[in-house]
Amino acid sequence: METPPIQAIGLRKVYRTRFGSRRIEALAGIDLDVRPGEIFGLLGPNGAGKTTTVKILLGLTRPTAGEALLAGIPSADPESRRHVGYLPEGHRFPGYLTAAQTLSIFGRMSGLDARTVKGRIPGLLERVRLSDWTHVRVRKFSKGMTQRLGLAAALVHEPDILLLDEPTDGVDPVGRREIRDLLREEARRGATILLNSHLLSEIERTCDRVAVLRQGRVAAQGTIEELTAARTSRYRMVVSSADDALISSLRETGATIERVNGHLVVSTRDLEHVNALVDRVRGRGALLSELSPVRSSLEDIFVDLVAPSPSPPVPLSGSIADAESQTGGRGDGGRQE
Amino acid sequence: MRAILASWEEIFREAAARWTLLAYFALSTLFILLFAAAVNLDVVNGALAGAKLFGQSVDLGGRSIDIDHLVLGFESGFSGFLYIVGTFLAIFATAHLVPRLQEKGTIDLYLSRPVGRVPMLLSRYTGGLLLAAANLVYLLGSLWAIIFWKTRVAHPRFLLAGLSILFTIAALLAFAFLAGVVTSSTGVSLMTTYAMFFLAALLAAHAKISAAMSSEWSARLVDGLYWVFPKTAELGRATVALVGGRGTFRGVADMNYFAVYGSTALFLLASLTLACWLFSRKDF
């Protein structure tokens with residue numbers, strides 16, 4: 001079996017406050033396998049453990065327990081980063097360096113010889129639309145330009161693995177699309193990409209698989225289709241000419257009802273319940289103008305998984321259920337006590 | 001090696017961009033040019049027959065001064081001046097190297113490369129020393145060349161003073177790196193290193209201080225600190241004596257050079273080892 005380019009096995013990280021009086025559990029046992037050539041998205045609310053996971057993978061932070069491997073090499077070994085490109089969030093390149101000098105210095109720090117780096121710089125800056133800024137000092141760059149330079153620095157040694165933390169942060173919509181295209185090119189070249197982003201639409205458009213972290217655990221993991229399909233069992237009916245008696249009758253069944261532009265929008269998750277509702281609507285002589293299944297977006301999944309929900313969890317199937325069974329089977333992705 | 005060279009290049013580019021290097025070279029050049037233009041010596045048979053300073057004749061009182069002695073006096077005095085000024089300037093120009101590396105958003109860029117943390121820290125340290133050495137070589141070398149041009153007297157020992165100064169800078173920079181790793185603050189690194197310089201210089205009188213102490217433990221503490229800290233006062237005197245000879249300072253003749261340089265070297269090694277160990281264990 002091929003070694004996963006990015007692997008986390010039971011990663012735990014406990015931070016202690018300065019005088020050790022408090023313990024903060026940033027990661028509570030993360031298992032991840034990113035396959036070769038895959039674009040993998042890491043999602044989660046602030047403090048879910050995304051950045052800590054990436055930092056442990058890069059050896060910037062030591063895990064309290066568990067193991068992180070890049071190309072099968074433990075992250076504590078600098079050699080594990082030989083073929084890794086990393087774009088940190090909020091990175092700060094030395095402002096006194098020009099774009100070309102930045103790429104030259106960081107390229108050589110990645111083990112390239114000066115001549116190779118020099119040959120790659122023009123093409124790389126062209127790829128990230130910075131070729132007009134080759135000899136301009138980084139301190140003059142806008143946030144979006146700095147971000148694109150960061151991407152170029154992550155790619156300078158043609159890495160097999162890319163770890164990108166909010167790569168489109170501060171980039172305009174056109175630039176975002178260009179970065180998405182660039183990532184797809186890299187994936188086609190065979191690079192494995194771990195993308196850490198708050199922009200769910202970005203993840204949805206770019207990633208092959210995602211993992212949603214919550215409170216230091218993997219709350220769900222799988223392809224976008226798998227995750228959204230697991231939560232597709234919601235149906236929406238639009239009813240016209242509904243009277244108060246019908247509304248009361250529908251409400252009695254437990255359906256969610258709201259009025260929109262004089263119409264009644266009724267929604268439920270159960271197919272038998274839908275049929276019962278249709279019978280009631282038709283029995284009262286009201287008009288059923290629309291009936292459709294509602295497919296959840298990644299955002300719906302994300303919100304469901306990370307937001308504390310007062311209502312009992314909806315039964316799950318597929319990979320979400322699998323993932324949640326690891327967290328104690330509570331279905332809300334909560335911690336195992 | 002490529003990573004180390006890249007790190008050195010970055011340190012020199014930063015020094016140039018921050019004007020530290022340029023200002024130092026400009027001031028040094030100004031001093032060298034002034035010295036070259038202002039001093040005109042009339043040497044006859046190895047003795048100073050006449051001298052002009054800024055075009056004005058200097059009254060030698062009809063005496064003939066041994067030029068070799070005069071040059072030696074100037075060189076030893078200047079090496080003492082450079083010991084203080086050069087050390088302070090070098091620490092000022094390099095103490096930020098670790099705190100700046102550890103800044104949020106910067107450290108990730110460096111440590112995500114296939115370079116171990118210890119080589120990364122040591123490349124910054126050696127880069128800082130190279131910067132200091134370049135400054136010393138330029139100033140000492142130029143002055144030495146001008147003195148030789150004006151007097152035909154060459155004392156290689158004047159150049160050796162640079163090594164002694166660089167050794168002191170190396171010891172203090174190791175301590176500045178340790179403070180930088182622990183506190184991530186350039187200001188604290190600078191203050192603690194300068195404080196260390198002065199405290200260590202005060203402790204040169206440890207015998208008198210401990211004799212004045214009321215308790216035995218405090219006297220032992222003073223003596224202990226003296227042996228732990230770098231010997232900044234003795235190193236200054238040793239630097240001057242290295243150029244001017246052992247008779248330059250009282251007490252230099254019976255100075256234990258091995259103890260002075262050896263204990264300072266141990267301080268350097270201990271500081272650098274501790275800095276590397278802490279840096280390699282730090283979470284970023």
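Below is a table of values for the structure above.
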item: Shielding score for A:94-103, defined as the mean number of other chain Cβ atoms within 10 Å; result: 3
item: GNM flexibility winner over chain A from A:157, A:91, A:198 (Cα, springs under 10 Å); result: A:91
item: Tail weight of P(r) past 29 Å, computed on alpha-carbon pairs of chain A, percent; result: 50
item: Chain A: relative contact order in percent, alpha carbon pairs under 8 Å with at least 6 residues between; result: 18
item: Among A:25, A:158, A:252: highest mean-square fluctuation, GNM of chain A, C-alpha pairs under 10 Å; result: A:252
item: Helical contribution to [θ] at 222 nm, DSSP H n ≥ 4, -39,500 (n - 2.57), averaged over the protein assembly as shown, rounded to 500; result: -17000 deg cm²/dmol
item: Computed over the stretch A:143-235, the ratio Rg/Rh where both radii use C-alpha atoms and Rh is Kirkwood; result: 1.01
item: When the convex hull of its Cα atoms is projected in every direction, mean area for the protein assembly as shown (nm²); result: 41.4
item: Whole-Å semi-axes of chain B's equivalent ellipsoid (Cα gyration tensor); result: 38, 27, 14
item: Neighbour-count order for A:294, A:212, A:238, B:115, fewest beta carbons within 10 angstrom listed first; result: A:294, A:238, B:115, A:212
item: Reach of residue A:55 by Cα under 17 Å, taken over aspartates and glutamates that are not fewer than 8 positions away in the same chain; result: A:25, A:31, A:33, A:67, A:77, A:79, A:89, A:165, A:166, B:103, B:108, B:283
item: Angle in degrees between helix A:99-109 and the longest Cα principal axis of chain A, rounded to the nearest 10; result: 80
item: Descending principal axes extents, the stretch B:119-277, alpha-carbon based, whole Å; result: 57, 42, 24
item: Sorted peptide list for B:237-244, A:279-286, criterion being average Cβ within 10 angstrom, highest first; result: B:237-244, A:279-286
item: For the stretch A:38-64 and the stretch B:111-127, distance of Cα centres in Å; result: 23
item: Ordering of A:264-277, B:125-138 by packing [mean C-beta count within 10 Å, highest first]; result: B:125-138, A:264-277
item: Projected area, mean over directions - the stretch A:46-97, Cα convex hull, nm²; result: 4.8
item: For q = 0.18, 0.22, 0.26 Å⁻¹, Debye-computed log10 I/I(0) when each Cα of the stretch A:234-294 counts as one equal scatterer; result: -0.50, -0.78, -1.15
item: Quotient of Cα Rg and 2.2 N^0.38 Å for the stretch A:263-302, N being how many residues it contains; result: 1.39
item: Crossing angle, helix B:156-183 versus chain B [Cα axis fit, 0-90 degrees, rounded to tens]; result: 20
item: Residue-averaged beta-carbon neighbours from other chains (10 angstrom radius) around A:114-121; result: 1
item: Footprinting exposure proxy for A:241, B:215, B:189 (fewest neighbouring C-beta atoms within 10 Å first); result: B:215, A:241, B:189
item: For the stretch B:105-156: rounded, prolate or oblate by the Cα gyration tensor [a/c cutoff 1.5]; result: prolate
item: Between 0 and 90°, nearest 10: helix A:114-127 axis offset from chain A longest Cα axis; result: 30
item: Sequence-distant lysines (8 or more away, or on other chains) whose Cα lies within less than 22 Å of residue B:52; result: B:150
item: Relative contact order (%) - criterion: Cα under 8 Å, at least six apart; region: the stretch A:234-294; result: 54
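Rule-based calculations on the coordinates, nothing more; no lab input. Owing to the predicted nature of the structure, the values given are computational and were not obtained by experimental measurement. Quick reminder, even Gly has a Cβ in these numbers, built from the backbone with ideal geometry, and neighbours come from all protein chains shown.
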